[in-house]
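Worksheet: one structure, shown below.
The values are calculated or read from the model by the stated rules, or taken from the named source; none is laboratory data. All of these numbers come straight from a predicted model, not from anything done at the bench. In this analysis, Cβ positions are derived from the backbone assuming ideal geometry, glycine residues included, and neighbour counts consider all displayed protein chains.
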Amino acid sequence: MEEIKKILAVMKEAVAHPGQAVKNYKQMTGKGAVGCFPIYCPEEIVHAAGMLPVGMWGGQTQISQALTIVPSFCCSIMQSNIELALKGVYKDLDAVIISSPCDTLKSIPQDWGYAIPDIKVIQIVYPQMRKIESGVEYLKTEFLRVKQAIEGITGEPITDAALKKSIEVYNRHRRSLREFCTVARNYPLTITPVVRHLVIKSGYFMEKSQHTLLVDELSSELKKLPPREWQGKRVVLTGITAEPDALLKIFDENRLTVVADDLAQESRQFRTDVPDGDEEPLLRLARQWSLIEGCSLAYDPQKKRVEMLIELVKTAGADGLIFCMMKFCDPEEFDYPIIAEQFEAAGIPLLYLEIDQQQQSLERERTRIQSFAEMLNR
Ligand code: SF4
């Protein structure tokens, strides 16, 4: 248990002080850092340049300046990112990479360029016709632009060998987090919803092979613990993010453990590997986008997400699904009615929660979670 506490303390430090994590990295390596906006970002290219990719998934902050730049119906992640940037929190970043899979994100690169001109923006367009070869080829050219932009910052070429190595590091990291999520299911008293989220989130502020070592060690320490019976109920989370932590604490208070997730900030980032093979690395990276399934941001006329969620609830042994709906997130709002209808038809309990990272009071959510837990316990 002491080892587990030590590992979690390191992760907590990274999440609590991401700015310091960036400073430490720069000091240790002499290399820079690049901010990676949600939802998808070819972090491997940044990593191959020796720079630190830093996840930018918003956070809790008082919004005072961002609304002069973005409209109030912009999701809270983007409001926070702009606000934090205006407050100077990201001043150590050399650039930010922003893709445009939703209407909100389409305007953010221009907003950023206007509001924070000192930090370069590298914009990517992910094609929605992602399953056809020309879509994959197109994305490769977008990634080539990213690579050239990063080379322009460091002044050094990013070799194919370095890219292949970084793809390996990232696939290894994905496997490690998948393994952790499976192991964590058996230790709900140690890996509470807040801790589970911490373990995954800390990877956004650490070099990935370092984070993999910690996660592997954590999984192996967990396996040494005697299994303890869980008296509560099990849930799966879906949506963009289930932040803030105060919300996850309410799950715990109501004896709900998270046994799996389909959150964009969590499992959607690591459930699809970059494919192996002899193709050039940028093409392999682009091909991953064609393999992603069940994400509201990746065009899928068949909406496989619904079946995937039903299957996930069953395989994880969950009692229900919690839909964490990011306020003002169109892609997720389009998926919700289809999911709600199919879950009702399948007889699987579903709770809808609205997520706003800046929300001051969570009493409405507390009541809804309490009622859901009571319903599951009936
Ligand atoms: S996908 Fe949703 S949460 Fe993400 S940036 Fe767009 S609106 Fe915000």
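Within segment 131-149, being in contact with a strand residue (DSSP E or B) (Cβ under 7 Å, 6 or more places away or on another chain) and of a type in the set (D, E, K, R) holds for one residue alone: GLU142.
Is it true that THR212 is exposed (fewer than 15 other Cβ atoms within 10 Å of the Cβ) and either in a helix (DSSP H, G or I) or in contact with a Cys (Cβ under 6 Å, 6 or more places away or on another chain) (or both)?
Numbers: exposed (fewer than 15 other Cβ atoms within 10 Å of the Cβ): no; either in a helix (DSSP H, G or I) or in contact with a Cys (Cβ under 6 Å, 6 or more places away or on another chain) (or both): yes.
Answer is no for this residue.
Cβ-Cβ contacts under 7 Å between residues 6 or more apart (or on different chains), taken from a first residue in segment 229-250 that is in contact (Cβ under 8 Å) with a residue 40 or more places away in the chain and within 14 Å of PRO188 (Cβ to Cβ) to a second residue that is more than 16 Å from the ligand (Cβ to nearest atom) and charged (D, E, K, R), are listed as GLY232/ARG255; LYS233/ARG255; LYS233/ASP319; ARG234/ASP319; VAL235/ASP319. Per this entry, ILE339 is not counted among residues that are closer than 17 Å to ASP261 by Cα and at pLDDT below 95.
Look at GLN79 and say whether it is of a type outside the set (A, V, I, L, M), farther than 17 Å from LEU198 by Cα and surrounded by 21 or more Cβ atoms within 10 Å (Cβ to Cβ).
Against the criterion (of a type outside the set (A, V, I, L, M), farther than 17 Å from LEU198 by Cα and surrounded by 21 or more Cβ atoms within 10 Å (Cβ to Cβ)), GLN79 qualifies.
For segment 115-139, give me each residue that is within 14 Å of LEU291 (Cβ to Cβ), touching a residue at least 40 places away in the same chain (Cβ under 8 Å) and part of a helix (DSSP H, G or I). Correct list: GLY135, VAL136, LEU139.
A single entry from LYS91, LYS106 fulfils the requirement of being within 21 Å of GLY152 (Cα to Cα) and either within 15 Å of the ligand (Cβ to nearest atom) or out of contact with any strand residue (DSSP E or B) (no Cβ under 7 Å at 6 or more places or on another chain) (or both): LYS91. Would you be able to say whether some residue in segment 65-73 is at pLDDT 95 or above, within 22 Å of the chain's Cα centre (by Cα) and either in a loop (DSSP other than H, G, I, E, B) or of a type in the set (A, V, I, L, M, F, W, C) (or both)? No, that holds for no residue. Scoring PRO188 on the criteria (1) touching a Lys or Arg at 6+ places or on another chain (Cβ under 9 Å); (2) closer than 25 Å to SER361 by Cα leaves a single failure, condition (2).
Just checking, does segment 39-50 include any residue being among the charged types (D, E, K, R), assigned by TED's automatic domain parsing to the domain that holds ASP216 and under 25 Å from GLU217 (Cα atoms)?
Narrowing segment 39-50 to residues among the charged types (D, E, K, R): 43-44.
Pick out the ones that are also assigned by TED's automatic domain parsing to the domain that holds ASP216 and you get none.
The answer is no, given that none of the residues of segment 39-50 is among the charged types (D, E, K, R), assigned by TED's automatic domain parsing to the domain that holds ASP216 and under 25 Å from GLU217 (Cα atoms).
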